[in-house]
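The structure appears right after this line, and notes come after that.
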Amino acid sequence: MTKSEHITFRQFMLQEHRRVGVTKDLIFLLEDIATACRIISHQIRSGAFSGTLGATEDTNVQGETQKQLDVIANDQFMLHCANTSRVAALVSEELDNVVWQKDAPKKGDYIVYFDPLDGSSNLELNISVGSIFSIVELEEDLSSTDDAAVLIAGQKQVCAGYALYGPSTSLVVTTGDGVNGFTHLNGTGEFLLTFPNMTVPAATNEFAINASRQKYWYPPVARYVDECLHGSDGPRGKNFNMRWVASMVAEVHRILTRGGVFLYPVDTQNADMGGRLRLLYEANPMGFIIEQAGGKASVGGSRILDVAPSDLHQRVPVLLGSSEEIDLLDDYHNS
Ligand code: AHG
Ligand code: MN
Ligand code: MN
């Protein structure tokens, strides 16, 4: 297909404006985020030349060493999200506190949460990494800019998405009425609609988990994986395949493309932190996208999107993907 057979991101979003009332302010914000992602994509691809593939000497609030590109990607998100007058606050994996853009946020203003670079341990390996974002619209004026005001459950998201920096750069977005995937046409600056109405098949025979953590698993996850590994001889009666990229964005993109489940459960080693992945800018946006594509997203027995956040950088268990498998995992957690 040629460019003319695919509509642009802007054309698509304006269709959504007319079809389901996506606001122009949200479209402007998404275009700014798309710009940030295009620049980050370029920075990653040129990292070997500019000497930016390695680490910095700093650690972030998570206690993780920051890569140079973590910082570069964060700067791009901060710069481009601040361009939209309706943005009240920014929350980043790489920043300790909320960055308020307004002294008196109003009803209808946006909070933007983001993981500017996900899977950054893969950077030097030239394996896919991504950016993840989540957008909440304030339902009332805020009386103060206390950081606790941004602790809003995932079910309130009006938009979520990610960019995947792989062999091509993908932008996948939901505004609450399905999931659509765009591909950057190199050299044009355009994201074109290439994967409309992405859906997660209900059944699958593929799972993703970091199996090196097996000795830490709690019984529900240990049982689930054990039954998958027994394949056609076990209670599942079919063989399973396993994948682990260590970039959640790449795992979610695979699940949106051909089904599967991605599991980063709470275990005995990460229990005091609540899990591995962060609620506001990893679990919530991916949970929203997966649900909008017909899949399910759970902390183990209940929805990720129902979790009431208690901390900016809170971690939660993440079990998401094909609905039949997540239902089974929920049953194992609830029985
Ligand atoms: P980040 O690079 O933003 O810190 O996130 C990495 C996350 C996620 O993408 C991935 O699934 C997981 O960490 C990998 O964890 P392991 O190192 O335990 O495999
Ligand atoms: Mn991440
Ligand atoms: Mn990150």
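From (1) surrounded by fewer than 17 Cβ atoms within 10 Å (Cβ to Cβ); (2) under 20 Å from Pro285 (Cβ atoms), pick out the condition that doesn't hold for Cys81.
Among (1) surrounded by fewer than 17 Cβ atoms within 10 Å (Cβ to Cβ); (2) under 20 Å from Pro285 (Cβ atoms), the lone unmet condition for Cys81 is (1).
Filter the stretch 87-100 down to the residues that are within 17 Å of Val158 (Cβ to Cβ) and either open to solvent by 50 Å² or more (accessible area, probe 1.4 Å) or touching a Cys at 6+ places or on another chain (Cβ under 8 Å) (or both), then identify the one that is farthest from ligand 2 (Cβ to nearest atom).
Only one residue fits best here, namely Val87.
So is Phe195 surrounded by 14 or more Cβ atoms within 10 Å (Cβ to Cβ) and away from ligand 2 (no atom under 16 Å from the Cβ) or not?
yes
Limited to the stretch 90-114, what total is found for residues that are within 12 Å of ligand 3 (Cβ to nearest atom) and in a loop (DSSP other than H, G, I, E, B)?
Number satisfying all stated conditions: 3.
Any residue in the stretch 220-230 that is open to solvent by 40 Å² or more (accessible area, probe 1.4 Å), modelled with pLDDT of 95 or more, more than 16 Å from ligand 2 (Cβ to nearest atom) and on the phi > 0 side of the Ramachandran plot?
No, the conditions are met nowhere in the stretch 220-230.
Answer yes or no as to whether Gly154 is closer than 17 Å to Leu279 by Cβ and not hydrophobic (A, V, I, L, M, F, W, C).
Spelling it out, Gly154 is indeed closer than 17 Å to Leu279 by Cβ and not hydrophobic (A, V, I, L, M, F, W, C).
Looking at Leu117, is it within 23 Å of Arg315 (Cα to Cα), assigned to a loop (DSSP other than H, G, I, E, B), within 16 Å of ligand 3 (Cβ to nearest atom) and in the same structural domain as Gln62 (by TED's automatic domain parsing)?
In short, no.
Within the stretch 133-151, which residues are in a strand (DSSP E or B) and either more than 16 Å from ligand 3 (Cβ to nearest atom) or open to solvent by 10 Å² or more (accessible area, probe 1.4 Å) (or both)?
The answer is Ile135, Val136, Glu137.
For the subset of the stretch 101-119 comprising residues that are among the aliphatic types (A, V, I, L, M) and over 13 Å from Tyr162 (Cβ atoms), which member is modelled with the lowest pLDDT?
Ranking the candidates gives Ala104 first.
Only one of these is at pLDDT below 95 and of a type outside the set (D, E, K, R): Gly275, Gly187, Gly234. Name it.
Exactly one residue qualifies, and that residue is Gly187.
Among the candidates Gly154, Gly130, Gly161, which residue alone is open to solvent by less than 10 Å² (accessible area, probe 1.4 Å), of a type in the set (Gly, Ala, Ser) and closer than 22 Å to Thr52 by Cα?
Step by step, each of Gly154, Gly130, Gly161 is checked, and only Gly130 is open to solvent by less than 10 Å² (accessible area, probe 1.4 Å), of a type in the set (Gly, Ala, Ser) and closer than 22 Å to Thr52 by Cα.
Taking the stated definitions as given, is Asp75 open to solvent by 60 Å² or more (accessible area, probe 1.4 Å), part of a helix (DSSP H, G or I) and modelled with pLDDT of 95 or more?
So Asp75 fits the description; yes.
The values are calculated or read from the model by the stated rules, or taken from the named source; none is laboratory data. Treat the numbers as computed from the prediction; the structure is a model and nothing was measured. All Cβ positions, even for glycine, are placed from backbone atoms using ideal geometry, and neighbour counts span all protein chains on display. SASA here: full protein model, heavy atoms, side chains in, ligands and nucleic acids out. Shrake-Rupley method; radii C 1.70, N 1.55, O 1.52, S 1.80 Å.
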